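Below is one structure, written out as structure tokens, with a few remarks after it.
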Amino acid sequence: MPRIVLVDDDRSHMMSLSMMLEAEGFEVECHSDGLAAWESLSKSLPDILVLDVELPGLDGMDVVQRLRHVSNIPVMFCTTKEDEIDEVLGLRMGSDDYVKKPSSPRVLLERIRALLRRQEAVAGNLVAETEETKVIERDNLRMDPLR
């Protein structure tokens, strides 16, 4: 069951999104400010982070900037900030997607699923690359444990 951390100071939006995601089989953890979210993220990383830009305590851009020093988990901004410069900045700071509120809950769900699929594919490629490098060579002997 994928674990999602939602961070939004709009509690009604966060709770409705949380209920929908839980109904779809996701484990959801919610925070209403950036500092609480960062404290949680520094202890345990979810499979995906969905957060607002404008948050009390620590804004979303700062959370993502800190997160990118320790992890490449998928990040999606879901925010009312509509300026193109905000979207560009969010993507440059390390988010993988930027969704403007209000947005369709079903579309948001599918974007989350797409990010998780992409993350699984990347993880699969990393495992394959790591396994390929396990070939052992000594003198005239070459051993490939996978073959």
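The values are calculated or read from the model by the stated rules, or taken from the named source; none is laboratory data. These numbers come from a predicted model, not from an experiment. With ideal geometry, Cβ positions are generated from the backbone for all residues, glycine too; neighbour counts draw on all protein chains shown. What goes into the accessible areas is simple: the full protein's heavy atoms, side chains included, and nothing from ligands, DNA or RNA. Shrake-Rupley method; radii C 1.70, N 1.55, O 1.52, S 1.80 Å.
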**Fill in**
Of all DSSP beta bridges having both residues in the chain, the percent classed as antiparallel (nearest 5) is 15 percent
**Complete:** Restricting to Cα pairs under 8 Å and 6 or more apart, the percent relative contact order of the chain works out to 18 percent
**Carbon plus sulfur fraction of accessible area for the range 1-93, probe 1.4 Å, in percent** = 49 percent
**Request:** Can you work out the accessible area per residue across the chain, with the rest of the protein chains kept in place, probe 1.4 Å, in square angstrom?
**Result:** 60 Å²
**Complete:** Note on the range 1-116: alpha-carbon gyration tensor, axes a ≥ b ≥ c; rule is a/c under 1.5 for rounded, else prolate if a/b larger than b/c, else oblate; result rounded
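Roughly how many debye, to the nearest 20, is the charge dipole of the chain about its Cα centre, given +1 on each Lys and Arg Cβ, -1 on each Asp and Glu Cβ, and no other charges?
460 debye
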**Request:** Would you work out which of I48, V99, L17 lies farthest towards the positive end of the dipole of the range 1-120? Charges go on Cβ: Lys and Arg +1, Asp and Glu -1.
**Result:** I48
